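The values are calculated or read from the model by the stated rules, or taken from the named source; none is laboratory data. Everything quoted here is computed from the prediction, not taken from an experiment. When we count neighbours, we look across all protein chains shown, and the Cβ atoms used for this are built from the backbone with ideal geometry, even at glycine. Heavy atoms of the whole protein, side chains included, go into the accessibility calculation; ligands, DNA and RNA do not. Shrake-Rupley method; radii C 1.70, N 1.55, O 1.52, S 1.80 Å.
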Amino acid sequence: MLSVTYSAALYGIDAFMVAIECNAYRSLPDFEIVGLPDLSVKESKERILTAAGNSGIRFPDMNVTVNLAPADRKKEGSALDLGILVSLCHASGIIPESVDVRGMCFVGELSFTGDVRRVRGALNMALSAGSKGIKEIFVPRGNLTEASAAAGNGVKIYGVSSVAELVSHMRGESKIAPVTEPPEEYEDDMRLVYGDFSQIKGQSKARRAVEIAAAGGHNILLVGPPGSGKSMIAKRIPTILPRMTYAEAIDTTKVHSVSGLVDPERGIVAHRPFRAPHHSLSTAALVGGGKIPMPGEISLAHNGVLFLDEFPEFNKQAMEALRAPLEDSEVTITRAAGRVTFPSAFMMVCAMNPCRCGYFGSRRGKCTCTPNDVKSYLSKLSGPMLDRIDIQVEMPELEFAELSDAEPGEPSEAIRARVEAARELSRERFRLAGREDFALLSNAKMNTDDIRDFCALDEASMRVMESAFRKMNLSARAYDRILRVARTIADIEYVAAGGDVHKPKKGEILGGPIGTAHIMEAVQMRSLDKYFKN
């Protein structure tokens, strides 16, 4: 008998449907899997037969051939186990012929005991199956919370814990209750994970710079001696970023699901990720890669923060590989088998000491580096990479009065309210301008046309900008980035003054014009250029 059902496989973060065609007839026992299976798929026949036997299922002597279609595409991983088992049970009559398995999708790995184990990318596979019109999707019980985000619009998600439970359901002997609606939106309290800005002592300039960076989605570099609070501030940035939308949470979860990093209890990644890789990581670990391409740290930070501490110590090749993803918000990896594109829309936060010993410019005179040592250390950062960092801010050593002050600083929630208001203003401006992708945009992502339309300068502001351009020897990219930061500063000022984010003044763009004060502050936040480029 011929039986056809469906499963799914991964390539990158995308899933594609696999039709499992099982042909079985009474004969001497044989079991063959064709359709470009990799070794883990070929080995599935041993897992399937052993799991079925230990679950009380006895197959008659049969010649079994399983074809995985499309036959010209490589199939990898263990997620096809469950689908092949169901197709075999249906072909051999253990699951009644009257059951229409063609309208179902089965994802899961089998253990020898008959249990169904969790797999990577369950959400991605469930979303792909639902988009192809499949209404009943069976996943491991451990993936149910994650995959339930694909429920709704007639799509039902079933959590399966064992082979015996699934066969009993398919035979109508007992039923598994499905999930018919996606989970309600929720967000973890990130302050429990990352801390709160009220814990930061002093560093008013850095706090202001971080708020601007968060409001505009700008990359930022913090430079200061050890103990000045660089890492402490960076780790709290997710607490002031806008709350993730449900669509952003799904996109982020898809990347984490493929990497096997989703918490089975929570399912959806509900808060903005914060990734802080060690500086010894390889280029492939940072941007993604491998024989079977997997997401790197920049994709795991999608919709969140990538924190690069000790920035000059990172492998130079790895740092330079960041340049294209920072511009495009995605990274494409090409292999002989094809191309994979991973999303990488992240906010990059870098921290570094001003010299190798860490105390160059210290008021306490602790630096032991020669001028050549300082120059050599700073030269590890290339000009093109620095051009892609919108905000560069120095963080001095803290004074005793700042450290001993018992008064808490401004809490994250208050800063986040201003950040969200500024982001809403910029999104509304993009919407009024007819940008179809306005919901995904921030000021840092403005293109050339947006800068021309939204960052026009009056004569006084233009003179300030020209003076900075000449004195600091800025590149064209740095010029544009100063204008983007100035636009964000103007937006923050506009919403703080009570401006209506949905109603521009007559003859003005939404958010008001960029003034000389906005340009001067934006230029000051790139004042480190002179140290790096001289």
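Assessment of segment 46-66 against the conditions (in contact (Cβ under 8 Å) with a residue 12 or more places away in the chain, under 32 Å from the mean Cα position of the chain (by Cα) and farther than 14 Å from Met17 by Cβ) yields no matching residue.
Among the listed residues Met472, Met525, which satisfies the condition of being at pLDDT below 95, open to solvent by less than 80 Å² (accessible area, probe 1.4 Å) and in contact with a strand residue (DSSP E or B) (Cβ under 7 Å, 6 or more places away or on another chain)? I'd like the intermediate steps shown before the answer.
Working: Met472 fails: in contact with a strand residue (DSSP E or B) (Cβ under 7 Å, 6 or more places away or on another chain).
That would be Met525, the only listed residue that is at pLDDT below 95, open to solvent by less than 80 Å² (accessible area, probe 1.4 Å) and in contact with a strand residue (DSSP E or B) (Cβ under 7 Å, 6 or more places away or on another chain).
Just to be sure before I move on: is Glu327 touching a residue at least 24 places away in the same chain (Cβ under 8 Å), closer than 20 Å to Leu386 by Cβ, over 12 Å from the mean Cα position of the chain (by Cα) and not in a strand (DSSP E or B) in the structure I sent? Considered against the rule, which asks whether it is touching a residue at least 24 places away in the same chain (Cβ under 8 Å), closer than 20 Å to Leu386 by Cβ, over 12 Å from the mean Cα position of the chain (by Cα) and not in a strand (DSSP E or B), Glu327 comes out as yes. Within segment 118-149, being touching a helix residue (DSSP H, G or I) at 6+ places or on another chain (Cβ under 7 Å), open to solvent by 10 Å² or more (accessible area, probe 1.4 Å) and either modelled with pLDDT of 95 or more or not in a helix (DSSP H, G or I) (or both) holds for Arg118, Val119, Arg120, Leu127, Gly130, Ile134, Lys135, Glu136.
In this structure, is Ser162 of a type outside the set (D, E, K, R), open to solvent by 10 Å² or more (accessible area, probe 1.4 Å) and touching a Gly at 6+ places or on another chain (Cβ under 6 Å)? So Ser162 fits the description; yes.
Going through (1) closer than 20 Å to Glu327 by Cα; (2) open to solvent by 70 Å² or more (accessible area, probe 1.4 Å); (3) in a helix (DSSP H, G or I); (4) of a type outside the set (S, T, N, Q) one by one, Arg431 falls short only on (1).
Take the conditions without any contact (Cβ under 8 Å) to a residue 40 or more places away in the chain and either touching a Cys at 6+ places or on another chain (Cβ under 8 Å) or crowded, with 21+ Cβ neighbours inside 10 Å (or both) and apply them to Ala486. Does it pass? Lay out the reasoning, then the answer.
On the way: without any contact (Cβ under 8 Å) to a residue 40 or more places away in the chain: yes; either touching a Cys at 6+ places or on another chain (Cβ under 8 Å) or crowded, with 21+ Cβ neighbours inside 10 Å (or both): yes.
When the stated conditions are applied, Ala486 passes them.
Residues of segment 288-311 include at least one that is assigned to a helix (DSSP H, G or I) and more than 13 Å from the chain's Cα centre (by Cα). Considering only segment 488-498, I want to know if a residue exists there that is at pLDDT below 90, under 28 Å from Asp328 (Cα atoms) and part of a loop (DSSP other than H, G, I, E, B). No.
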